[in-house]
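The values are calculated or read from the model by the stated rules, or taken from the named source; none is laboratory data. What you see is a predicted model; the values in this text were computed from it and never measured. Here the Cβ is made from the backbone with ideal geometry for all residues, glycine too, and neighbour counts use every protein chain on show.
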Ligand code: HEC
């Protein structure tokens, strides 16, 4: 009988803080950040599918306009329309366009370290000129043999060789 009372007291003591922690952790996640993260996940699937599809079906020769170049043209258009910013950033030592595609700020440098150490994403919420944005970097691995046709240094690399870096206004 005594044992049961102890067990009950222990269960109550453990479950109250757990319940409180649950409340705090669900309350801590800003719904605007959650919504924007889901939006970025959708964009990431869309852009990566398009790049792989273009590379697979059309880019049969190194002289052909690359999937990366096509994607960057689309990123520019989306940015001009004020929707969001996306950058293709290279994480290896040899880049085709180092001037444009190397990490350009502290966030992209941190993303590089994190993705190279095996994480699949890196994110932070920033305020720029009074407006909040989600910045999120997602890994780009060597998804197909065709990539090596133009990037000889990708051969045998099984980790992230690049990242798509999104800067998206929080969805209110
Ligand atoms: C036809 C040649 C070609 C193929 C095939 C190709 N790329 Fe590229 N890639 C380029 C060019 C050209 C750029 C630079 C584009 C720019 O900055 O305007 C580039 C840029 C990149 C970058 C940015 C870093 C850098 O080197 O400037 C990454 C990352 C990248 N490509 C990944 C891939 C992946 C992954 C694949 C396979 C799905 C792939 N590429 C296939 C030509 C190619």
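Would a scan of the stretch 132-148 turn up a residue that is surrounded by fewer than 18 Cβ atoms within 10 Å (Cβ to Cβ), away from the ligand (no atom under 16 Å from the Cβ) and farther than 24 Å from residue 49 by Cβ?
Step one: of the stretch 132-148, the residues surrounded by fewer than 18 Cβ atoms within 10 Å (Cβ to Cβ) are 132, 141, 143-146, 148.
This time we only want the ones that are away from the ligand (no atom under 16 Å from the Cβ), so: 132.
Still in the running and farther than 24 Å from residue 49 by Cβ: 132.
Yes, the conditions are met somewhere in the stretch 132-148.
Residues that are at pLDDT 95 or above and out of contact with any strand residue (DSSP E or B) (no Cβ under 9 Å at 6 or more places or on another chain): which helices (runs of 4 or more DSSP H) entirely in the stretch 1-118 hold 2 or more of them? So that I can check it myself, show each step before the final result.
Working: elements: 2-28, 31-57, 67-80, 98-101, 106-116.
Once the helices (runs of 4 or more DSSP H) in the stretch 1-118 are filtered for at least 2 residues that are at pLDDT 95 or above and out of contact with any strand residue (DSSP E or B) (no Cβ under 9 Å at 6 or more places or on another chain), what remains is 31-57, 67-80, 106-116.
I need the full set of residues from the stretch 119-144 which are outside any loop (DSSP other than H, G, I, E, B), more than 11 Å from the chain's Cα centre (by Cα) and farther than 21 Å from residue 72 by Cβ, in order please. Walk me through how you get there before you give the answer.
Restricting attention to the stretch 119-144, the residues satisfying the condition of being outside any loop (DSSP other than H, G, I, E, B) are 121-128, 131-141.
Right, trim to more than 11 Å from the chain's Cα centre (by Cα) and you get 125-128, 131-133, 141.
Those that are outside any loop (DSSP other than H, G, I, E, B), more than 11 Å from the chain's Cα centre (by Cα) and farther than 21 Å from residue 72 by Cβ: 125, 126, 127, 128, 131, 132.
Confirm whether residue 163 is within 19 Å of the chain's Cα centre (by Cα), under 26 Å from residue 31 (Cα atoms), assigned to a strand (DSSP E or B) and within 9 Å of the ligand (Cβ to nearest atom).
Values: within 19 Å of the chain's Cα centre (by Cα): yes; under 26 Å from residue 31 (Cα atoms): yes; assigned to a strand (DSSP E or B): yes; within 9 Å of the ligand (Cβ to nearest atom): yes.
Yes, satisfied.
Of everything in the stretch 65-74 that's closer than 23 Å to residue 159 by Cβ and free of Cβ contacts under 8 Å to residues at least 60 places away in the same chain, which residue is farthest from the ligand (Cβ to nearest atom)? I'd like the intermediate steps shown before the answer.
Our first condition is that a residue be closer than 23 Å to residue 159 by Cβ; within the stretch 65-74, this holds for 66-68, 71-72.
Subsequent filtering for residues that are free of Cβ contacts under 8 Å to residues at least 60 places away in the same chain retains 67-68, 71-72.
On the way: 67: 6, 68: 4, 71: 9, 72: 5 Å.
Result: 71.
Tell me which residues, restricted to the stretch 75-100, are touching a residue at least 60 places away in the same chain (Cβ under 8 Å) and within 10 Å of the ligand (Cβ to nearest atom).
87, 88, 89, 90, 91, 92
I need every pair where a residue in the stretch 44-64 that is within 17 Å of residue 148 (Cβ to Cβ) and free of Cβ contacts under 8 Å to residues at least 24 places away in the same chain has its Cβ under 7 Å from the Cβ of a residue that is more than 9 Å from the ligand (Cβ to nearest atom) and not in a helix (DSSP H, G or I), sequence separation at least 6 or different chains.
64/58
Here is a check on your reading of the model: is residue 122 more than 26 Å from residue 56 (Cβ to Cβ), within 16 Å of the ligand (Cβ to nearest atom) and modelled with pLDDT of 95 or more?
Working: more than 26 Å from residue 56 (Cβ to Cβ): yes; within 16 Å of the ligand (Cβ to nearest atom): yes; modelled with pLDDT of 95 or more: yes.
Yes: the conditions hold for residue 122.
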